[in-house]
Amino acid sequence: MRYKSRRNLSAASVGALAACLTLGLTPAYAAPGEATVGGDLLTGKGKIVSLGVDSDPLPVVRAKTWVVANADTGEILAAKGPHILRAPASTLKILTALTVMPQLDPTTPIKAKKRAVNTYGSKVGLVRGRTYSANDLFHALLLPSANDAAIALAQGTGSLKSTLNQMNQIADSLGAFDTVANNPSGLDSPGQVSSAYDLATIGRSALALPYLRDVVGKKKYKFSNKKKSKTVYNTNRMLLTNFTGTIGLKTGFTTNAGRTFIGAAERKGTTYIVSLMGIREASADAAEKLLSWAFANGDSVTAVGVLGQNTLPVQSAASPTREKITDPVIARGLSIKEIQTATAGTSLDGLAIGWMLLFSAIIAFALYGIRSAFTQRKNRLSSTPKGKISLEG
């Protein structure tokens, strides 16, 4: 779930919370007892659905978590563990594309640097020092899921660090508060997490960008370089099964995340989107079962929640950056985003003493929380298997 008990907040988060209280601002997370993002029903690990009298039962889908929703309205038809945090693998590349596409013309030349060329996992084979068009790199990013293209694009808009800051800001602006991006490829990284709810929200926003929608719907693409071109193929098997109305989107896999997937299809003017994490069957099969159920029952079920907004913010180099949390608690998947401080340049001089007492009380509560968090981390680390290797990202 998006909200965590306050004992899991970092000291910096609590300091920002105190500033919010002092200035009369609304905190950027849901506190215990408040509404869950997307709706109060979107809690727990089980299946969530409100069937009508004539509705078909949910299909059997072998996945840890999933969401199926109307991409036009944002209404969630059914879900399973929608806010459970899991590693996103390469489905995170959709957020990467959402972040950099508005900043790059397809003809923009981007030079491959050492970090992009030397990354591991799935790659298109960029050559250090060689220049590629943003268009070629976007196709490499979203079809064969190239990790080298992900880093090259992130570096092509300024710096890797600034792109990651923007990715996290965009996730927040969409209401995808479960998502923490530490790299643009989706390769396993301590604390890098998302949820089925967030992936569906991010995927829905991607459908609103015509260029991105066009790229993810291609079965193959001729990737160019100076000497010769090579054909790269889409890893999304839904595009090959002739599932009616398939739009496409993104696959993902690492040994830590398992199979992850975002898919969408449109029929008779209605678009449904599905996101799945921890899939234990063919991703396309699982997605098609949920989408088929949605098309057959979308009008007879009652929505159980709603996705976040699908309007991207205006991106600006002057936009504030969000500090990435490096608290050890996050490294084991119990992530919560640092609350973005809105108090730059303000002064506490002249505030009533009562506010200072409140601030002190919150800090004391935070110190207790940090102690509890480290105890939890110690217990988790003692039972966590090591040595997992990421394959695709």
Here is a list of conditions, (1) within 15 Å of Thr91 (Cα to Cα); (2) touching a residue at least 40 places away in the same chain (Cβ under 8 Å); (3) in contact with a helix residue (DSSP H, G or I) (Cβ under 9 Å, 6 or more places away or on another chain), and Lys218 meets all of them except one; can you say which number that is? (1)
Residue in region 154-173 that is within 23 Å of Thr254 (Cβ to Cβ) and either without any contact (Cβ under 8 Å) to a residue 40 or more places away in the chain or outside any helix (DSSP H, G or I) (or both) present: yes
Mind listing whichever residues of region 171-227 are modelled with pLDDT under 95 and hydroxyl-bearing (Ser, Thr, Tyr)? Ser224
Residues of region 174-199 that turn out to be surrounded by 24 or more Cβ atoms within 10 Å (Cβ to Cβ) and either part of a helix (DSSP H, G or I) or in contact with a Cys (Cβ under 7 Å, 6 or more places away or on another chain) (or both), as a count: 4
Out of region 265-304, which residues are out of contact with any helix residue (DSSP H, G or I) (no Cβ under 8 Å at 6 or more places or on another chain), of a type outside the set (A, V, I, L, M, F, W, C) and either not assigned by TED's automatic domain parsing to the domain that holds Arg204 or not in a loop (DSSP other than H, G, I, E, B) (or both)? Glu266, Gly278, Asp285, Lys289, Ser292, Asn297, Thr302
Conditions first: (1) surrounded by 20 or more Cβ atoms within 10 Å (Cβ to Cβ); (2) at pLDDT 95 or above; (3) not β-branched (Val, Ile, Thr). Lys47 passes all but one, so which condition is the exception? (1)
Region 108-153, subset in a strand (DSSP E or B) and of a type outside the set (Val, Ile, Thr), residue nearest to Gly248 (Cα to Cα): Ser133
Sort out which residues of region 64-79 are surrounded by fewer than 24 Cβ atoms within 10 Å (Cβ to Cβ) and assigned to a strand (DSSP E or B), and write them in order of number. Lys64, Thr65, Asn70, Glu75
For the condition in a strand (DSSP E or B), buried (at least 17 other Cβ atoms within 10 Å of the Cβ) and of a type outside the set (Asp, Glu), what is the one hit in Thr260, Thr235? Thr260
Evaluate the following for Asn183: is it over 30 Å from Thr36 (Cα atoms) and under 21 Å from the mean Cα position of the chain (by Cα)? no
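The values are calculated or read from the model by the stated rules, or taken from the named source; none is laboratory data. This structure is a prediction, so every number in the text was calculated from the model and none was measured. Heads up, the Cβs are rebuilt from the backbone with ideal geometry, glycines too, and the neighbour counts pull from every protein chain shown.
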